[in-house]
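Since the structure comes first, as structure tokens, the remarks are kept for the end.
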Amino acid sequence: MNREELRIVYMGTPDFAVEPLRCLVEGGYNVVGVITMPDKPAGRGHKLQFSPVKQYALEHQLPLLQPEKLKDETFLESLRAWRADLQIVVAFRMLPEVVWAMPPLGTFNLHASLLPQYRGAAPINWAVINGETETGVTTFFLRHEIDTGEVIRQVRVPIADTDNVGIVHDKLMMLGGQVVMETVDAILDGTAQRLPQESMPVDGELRAAPKIFKETCRIDWNRPVKQVYDFIRGLSPYPAAWTELLQPDGQSVVLKIFEAEKLPQPHTSAPGTIQTDGKTYLRIAAADGWVGILSLQLPGKKRLKTDELLRGFRLPADSRVQ
């Protein structure tokens with residue numbers, strides 16, 4: 001069997017999943033169907049919005065399914081009708097066994113971490129938040145427990161101290177397309193390894209990558225400067241770290257912070273204390289130094305550089321964050 005004969009069903013939803021699909025289509029692989037999430041209402045008008053994977057599938061006339069429930073018999077019949085030899089999952093959702101066990105060559109997943117590290121929904125964010133200096137992508141065969149199947153391929157990528165999660169996401173997305181093609185080729189020619197994660201060496205403790213919620217993104221100024229800095233870049237540009245600006249009248253304003261710098265200068269100020277000249281700089285006290293704020297956003301406003309924001313927003317004396 002060659003790549004033109006191998007019948008592939010592809011499952012994915014966000015931008016991260018588009019690049020591997022594009023590589024397969026442009027590489028001449030036989031993608032017989034695409035599965036993505038149902039359309040979701042978005043924006044003020046709650047207009048239904050297509051997922052990036054659906055948009056790509058429509059543009060390239062690829063057969064498409066958008067099941068609400070993956071155990072629905074109508075969906076399963078449609079999936080069986082595609083007669084897939086292999087299924088590929090990239091940033092989709094947890095599959096029931098009736099789906100992942102269907103094709104004769106199995107189902108593999110592309111995960112944006114060096115498994116077994118960072119199993120879960122947000123591996124790129126948590127790797128940056130935790131100050132990791134490298135991450136990578138892993139392809140593995142699916143089994144019952146999430147992100148625990150046998151590893152086929154794994155490729156490492158450095159994380160620079162200045163990288164935010166958006167930069168790392170894009171590095172891994174581009175790499176992921178190549179690794180997915182290499183994985184398919186290895187399965188086709190019978191050279192795909194099946195390495196149990198339990199046998200893989202782990203540097204340090206295993207860390208999870210749980211889903212990120214709004215409250216997860218709140219900055220704790222009682223932490224050291226390095227941890228606050230990593231936290232901000234691990235959530236930038238999306239969903240963005242935030243803090244509450246407390247004003248003397250008791251009112252508070254949510255500030256989203258996108259860019260920061262480490263200013264490891266000893267101080268005696270309480271964590272959350274603000275220092276600013278009201279024109280060019282804004283820094284906030286952490287446990288062992290200051291965090292310089294380089295770009296931020298007020299509710300309902302655009303993201304701005306600090307000096308731009310200070311021109312139009314006067315910080316009251318004795319303002320602080322919490």
Just to be sure I understand the filter: pairs with C-beta atoms under 9 Å, separated by 6 or more residues or on different chains, first member in segment 5-32 and basic (K, R), second member outside any strand (DSSP E or B). Which pairs pass? R7/W82; R7/R83; R7/A84; R7/D85; R7/P103; R22/Y56; R22/H60; R22/G177
Can you pull out the helices (runs of 4 or more DSSP H) entirely within segment 91-197 that have at least 2 residues that are more than 30 Å from Q227 (Cβ to Cβ) and either modelled with pLDDT under 95 or small (G, A, S) (or both)? 165-188
Checking the condition under 18 Å from I124 (Cα atoms) and at pLDDT 95 or above, which residue from R303, R233, R223 passes? R233
Of the conditions (1) part of a helix (DSSP H, G or I); (2) under 24 Å from the mean Cα position of the chain (by Cα); (3) farther than 13 Å from V180 by Cβ, F16 clears all except one; give me its number. (3)
Considering segment 142-161 alone, what residues qualify as being in contact (Cβ under 8 Å) with a residue 40 or more places away in the chain, touching a Lys or Arg at 6+ places or on another chain (Cβ under 8 Å) and surrounded by fewer than 18 Cβ atoms within 10 Å (Cβ to Cβ)? I146, T148
Take segment 304-319 and flag every residue that is hydrophobic (A, V, I, L, M, F, W, C) and within 23 Å of G250 (Cβ to Cβ). L309, L310, F313, L315, A317
Part of a helix (DSSP H, G or I) and surrounded by 14 or more Cβ atoms within 10 Å (Cβ to Cβ), is that true of Y56? yes
Restricting attention to segment 41-53, and to residues there that are over 24 Å from R83 (Cβ atoms) and surrounded by 12 or more Cβ atoms within 10 Å (Cβ to Cβ), which single residue is modelled with the lowest pLDDT? Q49
Of all the residues that make up segment 181-206, how many are closer than 23 Å to P158 by Cα and either without any contact (Cβ under 8 Å) to a residue 12 or more places away in the chain or out of contact with any Asp or Glu (no Cβ under 9 Å at 6 or more places or on another chain) (or both)? 10
Which one of T268, T273 is over 22 Å from F213 (Cα atoms), buried (at least 18 other Cβ atoms within 10 Å of the Cβ) and of a type in the set (S, T, Y)? T273
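The values are calculated or read from the model by the stated rules, or taken from the named source; none is laboratory data. Because the structure is a prediction, the values reported are computed rather than measured. Quick reminder, even Gly has a Cβ in these numbers, built from the backbone with ideal geometry, and neighbours come from all protein chains shown.
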